[in-house]
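First the structure, in the form of structure tokens, and then the observations on it.
Values quoted throughout were computed directly from the atomic coordinates according to the rules given, and no laboratory measurement underlies them. Keep in mind it's a predicted model, so treat the numbers as computed, not measured. Cβ: placed from backbone, ideal geometry, glycine included. Neighbour counts: every protein chain shown.
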Amino acid sequence: MDLAPWLTFVGALTTAIITVIGTIYVARTRTRVDVGASITTGFRELTDQLQEERNQLSEIIRRQREDLAEAERAGARQAAALRKLRRHCALLEDRLAKAGIAIPPPPN
């Protein structure tokens with residue numbers, strides 16, 4: 001019996017098994033590296049997205065603070081104008097009373 005065909009068969013089978021094992025090992029190693037790279041890339045993209053949203057929210061907050069400050073200034077101007085009008089009304093009521101003219105009741 002000739003051993004050459006058997007040795008060829010066993011050699012080919014051994015080579016195929018080693019190739020499969022090597023491929024699986026490389027695939028697992030590559031998969032780990034790919035997963036690690038994907039995770040790192042995902043975190044980087046998430047961080048970039050969160051930073052962009054943070055910048056947008058900071059801009060919104062800045063504009064709202066400006067709007068609020070302007071509203072407070074407008075309210076202060078209106079309060080000052082109202083005080084001035086009340087003083088003027090009091091002065092007019094005093095002059096009407098001194099002139100003997102009846103003062104109408106305040107509106108409801």
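Compared with the direct C-alpha span, the chain from Ile17 to Gln51 gains 7.2 nm at full extension, assuming 0.36 nm per residue. Calculated FRET efficiency, Ala4 to Arg28, Cβ-Cβ distance, R0 = 30 Å: about 0.25 to the nearest 0.05.
Remark: the Ala74-Ile103 segment gains 7.3 nm on full extension, using 0.36 nm per residue and subtracting the alpha carbon distance. Estimated purely from DSSP H runs of n ≥ 4, each contributing -39500 (n - 2.57), the mean residue ellipticity at 222 nm for the chain is -34000 deg cm²/dmol once divided by its residues.
Taking one quarter of the surface of the convex hull spanned by the alpha-carbon atoms of the chain gives a direction-averaged projected area of 13.3 nm².
Working out 0.36 nm times the residue gap between Arg87 and Thr41, then minus their Cα-Cα distance, what length gain in nm do you get to one decimal? Display every interim value, and only then the final one.
Details: separation 46, 0.36 × 46 = 16.56 nm, distance 6.86 nm.
Computed gain between Arg87 and Thr41 is 9.7 nm.
For the chain, the longest principal axis of the C-alpha atoms and the axis of helix 4-99 are separated by about 0°.
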